Amino acid sequence: MTFLPATLAGKLAAAIWAVACVAVLVFAFVGREVQDTDLIVSVALLVLCFPVSLALVMLLMGIFYLLHTWFGVVVPGGFGVNVLEWLLFVGVGYVQWRLIVPFVLAKKGSVA
């Protein structure tokens, strides 16, 4: 398996997705002093990595809830948390679009 898709349309879509992901990271850096940057970064990553990002958001919300209720730990936010969130979401999004979707499409094509 290669890093980039084989078709021109696939390469274009992958490039657009990658540029959008990097733009979110740049936005997180530029707006690191703005109060609602964390929220905007989260929503942008949710959209870019949809639909697997919904499950990831639910998992993270559960972890943060348990950290808060069991140990009194509140995740502070900020640029460092945005970078970790970006790495997690982009990694899962890459797995979704480059591994899972082609596998499902290949299986669907072999059944028909």
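The values are calculated or read from the model by the stated rules, or taken from the named source; none is laboratory data. This one's a predicted model, so the numbers in the text were calculated from it and none came from an experiment. Heads up, the Cβs are rebuilt from the backbone with ideal geometry, glycines too, and the neighbour counts pull from every protein chain shown. Ligands, DNA and RNA are excluded from the accessible area calculation, which covers all protein heavy atoms including side chains. Shrake-Rupley method; radii C 1.70, N 1.55, O 1.52, S 1.80 Å.
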ask   = Based on what the data block shows, is residue 32 basic (Lys, Arg) and in a helix (DSSP H, G or I)?
value = no
message = Return the pair list, or none, for Cβ contacts closer than 9 Å from residues in region 13-25 that are within 12 Å of residue 44 (Cα to Cα) to residues that are among the polar types (S, T, N, Q), at least 6 apart or on different chains.
response = 24/82; 25/82
task = Sort out which residues of region 25-48 are among the polar types (S, T, N, Q) and either in contact with a His (Cβ under 7 Å, 6 or more places away or on another chain) or farther than 18 Å from residue 59 by Cβ (or both), and write them in order of number.
result = 35, 37
inquiry  = Consider region 63-79. How many of its residues are free of Cβ contacts under 8 Å to residues at least 24 places away in the same chain and either of a type in the set (Val, Ile, Thr) or open to solvent by less than 50 Å² (accessible area, probe 1.4 Å) (or both)?
reply    = 5
ask   = So which residues in region 70-112 are assigned to a helix (DSSP H, G or I) and of a type in the set (Val, Ile, Thr), if there are any at all?
value = 81, 83, 90, 92, 95, 100, 101, 104, 111
Qualifying position, being open to solvent by 80 Å² or more (accessible area, probe 1.4 Å) and closer than 20 Å to residue 43 by Cα, among 87, 105 = 87
ask   = Taking interchain pairs and intrachain pairs at least six residues apart, which have beta carbon atoms under 9 angstrom, with the first residue in region 96-112 and under 15 Å from residue 14 (Cβ atoms) and the second exposed (fewer than 10 other Cβ atoms within 10 Å of the Cβ) and at pLDDT 85 or above?
value = 96/51
